[in-house]
Amino acid sequence: MHQQLSGWEDTIVAIATPRGVGALGVIRLSGNRAIEIVDALFPSKDLNKQASHTLHVGFIKDEQGKDIDEVVVSIFKNPKSYTGEDVTEISCHGSAYVQQQVVEACMRQGARLARAGEFTQRAFLHGKIDLTQAEAVADLIASNSAAAQRSALHNIRGGFSEVLKLLRENLIQFAALIELELDFSEEDVEFADRNKFYALIETATQTTNGLLQSFQLGNVIRNGVSVAIVGKPNAGKSTLLNTLLNENRAIVSEIAGTTRDTVEEIINIDGILFRLIDTAGIRDNSEDVIELIGIGKSREKMEQADLVLYIFDVNTETPGSLATAAALISEKNKRILLVGNKTDLMGVADATEKFAAQNILFISAKEKQHIHLLTQQLVDNILTGNVNPESTIVTNARHYEALLKVQQSLGEIKKGLDEKLSGDLLSVPIRHCLHFISEITGDLSNEDVLDYIFSKFCIGK
């Protein structure tokens, strides 16, 4: 069990379901009086005598014996509960008024209103989950795509924790052997095999580097990908946006400069969220003040985007002007996808021959030709060079910062081995490395850090 925090001995209560009207609402209690408190409001049965993991139907009544609602009470006795404490859940009707009446009745019996994330925090403090798993619970609640859901579930199951646990155990083993050497320093003996230790550090470094590299994909999974659709006026940017969304979201016309401001929409492709930004056409000879403002915003969005989709009209664009535009965009944003549009007029074969480039995708946004190739390339462009999205992925900035320190400590250990440092000098970076790993899993977290992390959770979880 981890360190105790203030209010640890209290029995807490909170509404665990979202605000609003629904068929059901769930009120959750956790603590050593969770069953006793609900039993005082539930005369249908003596809940103290009921087995764990059982359901009971009856009326919740206030202290005057007045009915509040007909409910189902669930009982989970410690330690086989989410928090590791006695837990009761009251499923009542979804009226906000009814739910509040139940909560207030529980509080009058001695329960305290739970803080944000306090149920999961108690699960962590009772050793039911480590800190990475606790944070994954919040990620799962906030997930809005299949990729985010898979990543959070992987970490809830302990995927990230297992990687860190193995690394930590191996380091502790060698650290213990090196500490033993210090006890026999006068005999000049080595208990820790330096060659095996060197191989361990190499493996640990590769693992850590892989986790750090996954953070870019982790950000994509957690926050989505911003894609700026840029190009000259009348290249078909708005038509492409409408085609991808399968609706008429942006105004389309043959008049150059129709789009004056950016239009943003979100689309889910293969479980990854893409925030598509339709921008004003970029040209240098406009005299329209409003259009010029839109062009300025287009350049700003282009620089901020994770990926720039440059769309051009294959019928009017020249290879030279395309190369110039691509070079200018690459200066501002390294990721660029070139899309040749309006091939329904020229034909893909003629367009391919005209531009003679292998890295251009040719489509017809108006006729919806090759759009599936474009969406696949959007996904491939994001995943290329990253880890498998089914493996352990770092999505948390706190984990990333700690892993950078782990990486630095592993480098110091490797340098010490290269320089054949003595055990007492090697033990210092090993301790540092163990410290930073423990920061991630929560073994060394203080109360302020925990309060900050769990404050990001919703009430009732």
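The values are calculated or read from the model by the stated rules, or taken from the named source; none is laboratory data. The structure displayed is predicted, hence computed values, not measured ones. FYI the Cβ positions are ideal-geometry reconstructions off the backbone, even for glycines, and counts take in every protein chain you see.
Evaluating E367 against the criteria (1) at pLDDT 80 or above; (2) closer than 21 Å to L276 by Cα; (3) assigned to a helix (DSSP H, G or I) leaves one unmet condition, (3). The residue that is surrounded by the fewest Cβ atoms within 10 Å (Cβ to Cβ), counting only those in region 23-40 that are in a strand (DSSP E or B) and of a type in the set (V, I, T), is V26.
Within region 209-225, not a single residue is modelled with pLDDT of 80 or more, of a type in the set (A, V, I, L, M) and loosely packed, with under 15 Cβ neighbours inside 10 Å. Of everything in region 49-83 that is of a type in the set (F, W, Y) and within 33 Å of the chain's Cα centre (by Cα), the residue that is nearest to A123 (Cα to Cα) is Y82. When residues in region 193-226 are screened for being in a strand (DSSP E or B) and more than 28 Å from the chain's Cα centre (by Cα), 0 of them pass.
What about A146, is it at pLDDT below 75 and either among the acidic types (D, E) or surrounded by fewer than 23 Cβ atoms within 10 Å (Cβ to Cβ) (or both)? Talk me through it step by step, then tell me what you get.
Working: at pLDDT below 75: yes; either among the acidic types (D, E) or surrounded by fewer than 23 Cβ atoms within 10 Å (Cβ to Cβ) (or both): yes.
Yes: the conditions hold for A146.
Kindly evaluate A175 against the criterion of being crowded, with 18+ Cβ neighbours inside 10 Å, more than 18 Å from the chain's Cα centre (by Cα) and at pLDDT below 80. So A175 passes the test.
From the residues in region 8-22 that are surrounded by fewer than 12 Cβ atoms within 10 Å (Cβ to Cβ) and within 20 Å of V137 (Cβ to Cβ), which one is modelled with the highest pLDDT?
Residues of region 8-22 that are surrounded by fewer than 12 Cβ atoms within 10 Å (Cβ to Cβ), as a first pass: 9, 18-21.
Those still in the list that are within 20 Å of V137 (Cβ to Cβ) too: 18-19.
Working: P18: 84, R19: 79.
Per the stated criteria, the residue is P18.
Note on region 227-251: residues that are surrounded by fewer than 18 Cβ atoms within 10 Å (Cβ to Cβ) and either in a loop (DSSP other than H, G, I, E, B) or at pLDDT below 50 (or both) amount to 5. Within region 91-132, the set of residues being surrounded by 17 or more Cβ atoms within 10 Å (Cβ to Cβ) and among the acidic types (D, E) comprises E118, D130. Of the residues making up region 56-86, those that are part of a strand (DSSP E or B), β-branched (V, I, T) and surrounded by 16 or more Cβ atoms within 10 Å (Cβ to Cβ) are I60, I68, V71, V73, I75. Just one residue in the set A323, A397, A356 is among the hydrophobic types (A, V, I, L, M, F, W, C), surrounded by fewer than 18 Cβ atoms within 10 Å (Cβ to Cβ) and either modelled with pLDDT under 80 or in the same structural domain as F160 (by TED's automatic domain parsing) (or both); that residue is A397.
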